[in-house]
Structures are given as structure tokens and as C-alpha cells.
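In what follows, a single structure is set out as C-alpha cells and then discussed.
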Amino acid sequence: MVKLPIYMDNHATTPVDPRVLDAMMPYLTNQFGNAASRNHQFGWEAEQAVEQGRKQIADLIGADPREIVITSGATESDNLAVKGVAWMYREKGDHIITCVTEHKAILDTCKHLEKDGYRITFLPVDNKGLVDLDDLRKAITDKTILISIMTANNEVGVVQDIKEIGKIARERGVLFHTDAVQAAGKIPFNVNEMNVDIASLSAHKFYGPKGVGALYVRRRNPRVLLTPIIDGGGHERGMRSGTLNVPGIVGLGKAAQIAREELQKESAELFRLREKLRTTLERELDEVYINGDLVKRLPGNLNMSFAYVEGESLLMGINDIAVSSGSACTSASLEPSYVLKALGVGEDLAHTSIRFGIGRFNTEEEVDYVAGRVIEVVRRLRDLSPLYEMAKEGIDLKSVHWATEG
Amino acid sequence: MAYSDKVIDHYNNPRNVGALSKEDPTVGTGLVGAPECGDVMKLQIKVNEQTQVIEDAKFKTFGCGSAIASSSLATEWVKGKTLAEALSIKNTDIVKELSLPPVKIHCSVLAEDAIKAAITDWKKKHDDNGK
């Protein structure tokens, strides 16, 4: 018997790996020193732990430890990257290019800068969720100071062609930031091979603790300078003041080390489980649709629309499984997912979408259970769905005049 | 979001799911909502022409658990009522019975609309037949 409830929402967060917790424990207990204390053993031990963590993080992405700035997480990393470049290079230009499917931490930061007089280009994506590289080339002007395009999307798992985007940025002399929060530790990610200048990471997305993240900031060819968004004691080479979160950094480092060592094996296994889930659902249910490119995709991600079944009611039926929905009803905004909308998924299908995020601790037995439950509940709710009934009668739902008033 | 026990009960055991023949002159059909809004309700009533009593009611709903529960409850309530009585059912009664939170009030409004739409449809058929 599988143990319930099943957690399959690993894009939202991941559990802390027990090996990560073991590494952190000493720094939550006896070795509590401040890494900035230069005159006693407690401080030295803390500093040493921080430097080891920094190296482990750097190794995961092919960077130098001196290029790693510790932050409180991905939102801060994204803010520091975009605002830091915008403020530092204001003399050089005022134009930033990003993309409509970015995380809110990028989109809202850009909108904030727009109010302050910067010009932002929000590139569209195609129906697979991919940015058109020609659109990108055409958007670059001599006033462009930053391109910020995420590596892998948090909803649909689509992986952009980061290497090519980096190459374009490099050729045009524009800095390139990527939000690599969903990608790091899941797929090969190397800042030099991919021409990345700045990259955001978050520990809790790859089995580390919440509340700690990192920003990779290139030191040479080109050397990237950032204006800090948090001022204070001048920690992290002046780019991010604040006492270092030593246990968090140790956890982030350990999580990065495990991810690097196990990436190949783990991503192959996640891909196998994801494909089993996908093919089972597609075999047993009609009118299901994959959202986003199936090939250029994170191995553990499946985002699927179950036509004629509203997402929240589906989640209610599979309440022993933790997944998430792109339906409006599950969010405070009452708007369906802006990411699915950007892919051209109609609002009717966006309401029926479910995101499965398979992770390190999911088993094949769990995947089988999830598939079985989803099939059962979708069938039950379709028996209850007037839309399914109409579709089966051959009525084109698009031609129906829908009146919201009775 | 936490659901009330009554919403969960209607969701797990929806009452009166199904369809009546739209062509039947004694049947009124109400179809309200829109797929883009995430809620569509179809509510049907079978009415005794002499007594104007609703003898049967069926529904199908595309929507969240609260929408399913609201329409399921609506079919329970209209059965055995006259058309005039059914028209007096207010969405606030549904909100109260199911303990719907503020963000789900639109589900109850839709259920009230569905009842009214079904009755309007029946009356229209009835008037046409009388001519």
C-alpha cells in the first residue's frame, strides 16, 4: 500500500533531503558562530562552512566560488539581478528584455522598473512555450542592458534554448540573466557552456531548506557589477549585506553536491516515471492535452489539461494527492494561469489543467496510484459535466452562445 | 481551501445527476455559465402541467466543488415545489445551507440563475404549445 497523502508538487517546493538536514544540524546547534566574526573559533568554523557551501554551489553550475552571492531565495536573487543591473548600468542604457512566462519575481520587478522610467520588452512565447530567437534578436537595441529569460518554467517545465540566448546576448554585448530556479540540479546547467552572466538559484527547489538561495554573478569576460538592493555591513562583496545564514548555506551547498552527483541517474528516473504517468493518462482518457513542449522540458514535469473537467473539482476528488492546478479557482486572483494563457491555451482548457511535479522521493507505486486516481475522478466528473455531454452529442462548444445571466 | 462537510457530501454523492429529454414538452432546461469562466450548470425540471409542481429535476455541472454542490442542492430543493415556490429560492439560501465562503458566492448565484432559466424555458415551451 502506498503511504497517503502523496506529495507530487515538487515545482512548488521539495522536502529537505535527510542528508542535507544531517549536514545542517551542527550549524543549528553547537556551531552557531557568525561567519563575519574574525577573531574566534566560532566565527572561523562558520566561515569555513560557508566557503565550503559556496564551493559546492559553484561546482553545480560550473562557476568560481567567488561568483556566488548568497541571498534569501529566488525572489531576492531575481530582484538583485534585474534591479542591480538596471541601477548599475543606467548610464549605458534603459532597456531590458524579458519574457511573458517568467516568474512574478521577474515580471513584477520589471514592471516596477518600468514605472521608474525603464523600458521593458516582454517577449511572447509560441504555443510550446518557447521564445523565438529572432524576436529576441530584433528586440535588442543599443540601449539594451539586460536580457532575463528563465531556464525552465515553473508551470509547464519548458526549457528555453539558454545556450543560444546566451550566445546572442554575448554577441550583442548585453548582459544575460537567467532564473535557473527550476533547472538547477534537475538538468545539466553550466554558466560557461551556456554563456550565462547572472543566474538565480533557490535551495528549496532541489531538496535544500527554504529561505536561502544564491545569485551567480560573473567575475570576468564580462565582469558584472550590481548595485545592491540591501545596504548594510558590506557582506558578499558589498552586493548583499546581512549576516550569513550559515546552516542554510551549508544545506544549500550539500543539496547542490547531491544534485550534481546524482543528476544523471535521477533525471533519467524522473523522466521514466513522468512518461509512465503521461502515457497511462493518455491511453485511458480521451481529450487530454499536454501544455508546453514535450521534448524541451524538465524530466519531472507534466502539465496536462483534462477537457470538460474543472481543475479545482478534480483536485477535490484526488485530495489524497498534492498537485496544483492552473484553474482560476485555486488562486486568489480568479484569473487562470497567465503562463498557460501566454501559450495560447484557451481559458476553457486552462481551467482544466493540472501540474504534476515528480521528484526525488516519488516512487513508481505512487505514480501508478496517482494515475489510477486521476483516471477514476476524471471519468466520474465527466459523467457530471454538461460540456462533456454536449461534446459527445457533437455540439461545437465554441459555437454555443454562453449566457452568464439566466 | 477548506470545504464544508455539506459541500463535500454533495461533491462525493451528487443528487439527481443526469439528463431529461430536452424535446419533452414537460421539461424545462436551463444552461448557465460559460466554459471560459470555469463554471457551466445545466439544470432540468419536469413539470406537471396541471399542478405546476416540479416532479423531477436533473443536473450536470462543470465547475468547482462548490458549483457542483450548489446545483446538486438546487435540484433537491426544487423537487416537489411549484414553479412559484421554486422561483422564490434565493442564492443566499444556498450560501447559508452549504456555508459557502465569499469567493464561492458566484456558484450559488449561478445555481439560482439555473433554476430561473429552466423555469423560463418551460414557460416558453408551454406558451408556444398553448398558441
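Taken together, A:161, A:78 contain a single residue that is under 24 Å from residue A:212 (Cα atoms) and charged (D, E, K, R), which is A:78.
Does residue A:373 satisfy the condition of being open to solvent by 60 Å² or more (accessible area, probe 1.4 Å), touching a residue at least 12 places away in the same chain (Cβ under 8 Å) and assigned to a helix (DSSP H, G or I)? Considered against the rule, which asks whether it is open to solvent by 60 Å² or more (accessible area, probe 1.4 Å), touching a residue at least 12 places away in the same chain (Cβ under 8 Å) and assigned to a helix (DSSP H, G or I), residue A:373 comes out as no. Meeting the requirement of 2 or more residues that are among the polar types (S, T, N, Q), the helices (runs of 4 or more DSSP H) wholly within the stretch B:23-119 are B:65-78, B:91-98.
Among the residues of the stretch A:84-123, those identified as open to solvent by 30 Å² or more (accessible area, probe 1.4 Å) and either in contact (Cβ under 8 Å) with a residue 60 or more places away in the chain or hydrophobic (A, V, I, L, M, F, W, C) (or both) are A:87, A:88, A:89, A:100, A:103, A:122. Screening the candidates A:121, A:101 for the property of being over 18 Å from residue A:182 (Cα atoms) and touching a strand residue (DSSP E or B) at 6+ places or on another chain (Cβ under 9 Å) yields one hit, A:121. Checked against (1) at pLDDT 95 or above; (2) assigned to a loop (DSSP other than H, G, I, E, B); (3) more than 26 Å from the chain's Cα centre (by Cα), residue A:1 passes all but a single condition, namely (1). Suppose the filter is over 22 Å from residue A:100 (Cβ atoms), touching a Phe, Trp or Tyr at 6+ places or on another chain (Cβ under 9 Å) and not aliphatic (A, V, I, L, M); does residue A:170 pass it? Judged against the criteria, residue A:170 is a match. Among the conditions (1) touching a strand residue (DSSP E or B) at 6+ places or on another chain (Cβ under 6 Å); (2) assigned to a helix (DSSP H, G or I); (3) surrounded by fewer than 22 Cβ atoms within 10 Å (Cβ to Cβ), residue A:261 misses just one, which is (1). Among the residues of the stretch A:276-317, those that are touching a residue at least 24 places away in the same chain (Cβ under 8 Å), within 14 Å of another protein chain (Cβ to nearest Cβ) and either surrounded by 20 or more Cβ atoms within 10 Å (Cβ to Cβ) or of a type in the set (S, T, N, Q) (or both) comprise A:305, A:306, A:307, A:308, A:309, A:310, A:311, A:313, A:314, A:315, A:317. Number of residues in the stretch A:380-398 that are surrounded by fewer than 14 Cβ atoms within 10 Å (Cβ to Cβ) and either more than 12 Å from chain B (Cβ to nearest Cβ) or among the charged types (D, E, K, R) (or both): the value is 6.
Here is a list: B:42, B:58, B:6. Which entry is open to solvent by 30 Å² or more (accessible area, probe 1.4 Å) and within 18 Å of residue B:125 (Cβ to Cβ)? That would be B:58, the only listed residue that is open to solvent by 30 Å² or more (accessible area, probe 1.4 Å) and within 18 Å of residue B:125 (Cβ to Cβ). Contact map, the stretch B:1-21: first residue at negative phi and within 11 Å of chain A (Cβ to nearest Cβ), second residue hydroxyl-bearing (Ser, Thr, Tyr) and assigned to a loop (DSSP other than H, G, I, E, B), Cβ cut-off under 8 Å, separation 6 or more or different chains; pairs are B:7/B:99; B:11/B:3. Of all residues in the stretch B:22-39, those satisfying the criterion of being closer than 21 Å to residue A:399 by Cα, within 12 Å of chain A (Cβ to nearest Cβ) and either modelled with pLDDT under 95 or open to solvent by less than 10 Å² (accessible area, probe 1.4 Å) (or both) are B:22, B:30, B:32, B:33, B:34, B:35, B:36, B:37, B:38, B:39.
Residue A:335 falls short of the stated requirement of being of a type in the set (Asp, Glu) and either within 10 Å of chain B (Cβ to nearest Cβ) or farther than 29 Å from residue A:160 by Cα (or both). Residues that are among the β-branched types (Val, Ile, Thr) and touching a helix residue (DSSP H, G or I) at 6+ places or on another chain (Cβ under 8 Å) within the stretch A:231-257 comprise A:246, A:249, A:250, listed in sequence order. Out of all the residues in the stretch A:132-151, is one or more under 14 Å from the mean Cα position of the chain (by Cα) and open to solvent by 20 Å² or more (accessible area, probe 1.4 Å)? No; the residues of the stretch A:132-151 include none that is under 14 Å from the mean Cα position of the chain (by Cα) and open to solvent by 20 Å² or more (accessible area, probe 1.4 Å). Here the stretch A:4-54 is the region considered, the condition is being closer than 27 Å to residue A:152 by Cα, among the charged types (D, E, K, R) and surrounded by fewer than 18 Cβ atoms within 10 Å (Cβ to Cβ), and the residue that is nearest to the chain's Cα centre (by Cα) is A:9. Assess whether residue B:74 counts as being more than 9 Å from chain A (Cβ to nearest Cβ), out of contact with any Ser or Thr (no Cβ under 7 Å at 6 or more places or on another chain), of a type in the set (A, V, I, L, M, F, W, C) and within 17 Å of residue B:40 (Cα to Cα). It is true that residue B:74 is more than 9 Å from chain A (Cβ to nearest Cβ), out of contact with any Ser or Thr (no Cβ under 7 Å at 6 or more places or on another chain), of a type in the set (A, V, I, L, M, F, W, C) and within 17 Å of residue B:40 (Cα to Cα). Is there a residue in the stretch A:393-404 that is in contact with a strand residue (DSSP E or B) (Cβ under 6 Å, 6 or more places away or on another chain), modelled with pLDDT of 95 or more and not acidic (Asp, Glu)? Checked against the condition, which is being in contact with a strand residue (DSSP E or B) (Cβ under 6 Å, 6 or more places away or on another chain), modelled with pLDDT of 95 or more and not acidic (Asp, Glu), the stretch A:393-404 yields no hits at all. Listed by position, the strands (runs of 3 or more DSSP E) contained in the stretch A:123-240 that have at least 3 residues being under 25 Å from residue A:255 (Cα atoms) and polar (S, T, N, Q) form an empty set.
The values are calculated or read from the model by the stated rules, or taken from the named source; none is laboratory data. Predicted model, so just to flag it, every value in this text is computed and none were measured. Using ideal geometry, Cβ is built from the backbone for each residue, glycine included, and neighbour counts are taken over all protein chains shown. What goes into the accessible areas is simple: the full protein's heavy atoms, side chains included, and nothing from ligands, DNA or RNA. Shrake-Rupley method; radii C 1.70, N 1.55, O 1.52, S 1.80 Å.
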